[in-house]
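Structure first, commentary second.
The values are calculated or read from the model by the stated rules, or taken from the named source; none is laboratory data. Owing to the predicted nature of the structure, the values given are computational and were not obtained by experimental measurement. Please note: Cβ atoms are built from the backbone with ideal geometry, for glycine as well, and neighbour counts cover all protein chains shown. Heads up: the accessible areas ignore ligands, DNA and RNA and are worked out on the full protein's heavy atoms, side chains in. Shrake-Rupley method; radii C 1.70, N 1.55, O 1.52, S 1.80 Å.
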Amino acid sequence: MFHVNPEPGAQIHSTDPFAAPAGQRSPARRLRGRLAAPVTLWTAPGPAGLTVSSTLVAEGEPDRLLGLVDAESDLWAAIEEAGRFAVVPLGPQHRQLADRFAGLFPSPGGLFALDAWTETPYGPVPADAGGWAGCRLDTAREYGWGLLVEATIESVDLPRDTLPLLHYRGRYRELTD
């Protein structure tokens, strides 16, 4: 027989019922949560894409880009095959797009079915992006639970200045003055 709750309605929790208790949370994860990170979209020919908030640009000769991605992602498979990828800094208007490519929001018809896209040799980029970089894969290695991707920046297109979308303490944030 089924258990039936005699009280009508449902109970909505004000906290995450699956969250680890405060004393059991990883100190490194808590530290990472307190570091504001730019939200970027990485794409590759195929097409494939993934929201990445661990992206770092290192100036030099040549300029380089580093990032942590999921080794089991479709994006990584596409980058390995193509040897190149695009990195797009996302803006506040891209919250839903960021969630879609992070697997947090439905994507009927596929990740690239919605929005307008501009094709580049490195991968598609959102047509309303404030800029993007084309990167050539140099190397990758396991690093923590991710894959540290190292690349050379071959092309940068920055047609307009836009505000960044940031990730801080598990939420998207915007710059405010």
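Identify the residue in the stretch 144-177 that is modelled with pLDDT under 95 and of a type in the set (Ser, Thr, Tyr) and, among all such residues, is least open to solvent (accessible area, probe 1.4 Å).
So the residue we want is Tyr172.
Among the residues of the stretch 106-127, write down those that are at pLDDT below 95 and surrounded by 13 or more Cβ atoms within 10 Å (Cβ to Cβ).
Ser107, Leu111, Phe112, Leu114, Asp115
Give the residue that is surrounded by the most Cβ atoms within 10 Å (Cβ to Cβ), with candidates limited to residues of the stretch 83-103 that are touching a Phe, Trp or Tyr at 6+ places or on another chain (Cβ under 8 Å) and hydrophobic (A, V, I, L, M, F, W, C).
The residue in question is Phe85.
Can you name the residue in the stretch 71-107 that is of a type in the set (A, V, I, L, M) and under 13 Å from Pro47 (Cβ atoms) and is also farthest from the chain's Cα centre (by Cα) among such residues? Reasoning before the result, please.
Step one: of the stretch 71-107, the residues of a type in the set (A, V, I, L, M) are 71, 75, 77-79, 82, 86-88, 90, 97-98, 102, 104.
Okay, now just the ones that are also under 13 Å from Pro47 (Cβ atoms), so 75, 77-79, 82, 86, 88.
Values: Leu75: 11, Ala77: 16, Ala78: 16, Ile79: 15, Ala82: 19, Ala86: 12, Val88: 10 Å.
Looking at residues that are of a type in the set (A, V, I, L, M) and under 13 Å from Pro47 (Cβ atoms), I get Ala82.
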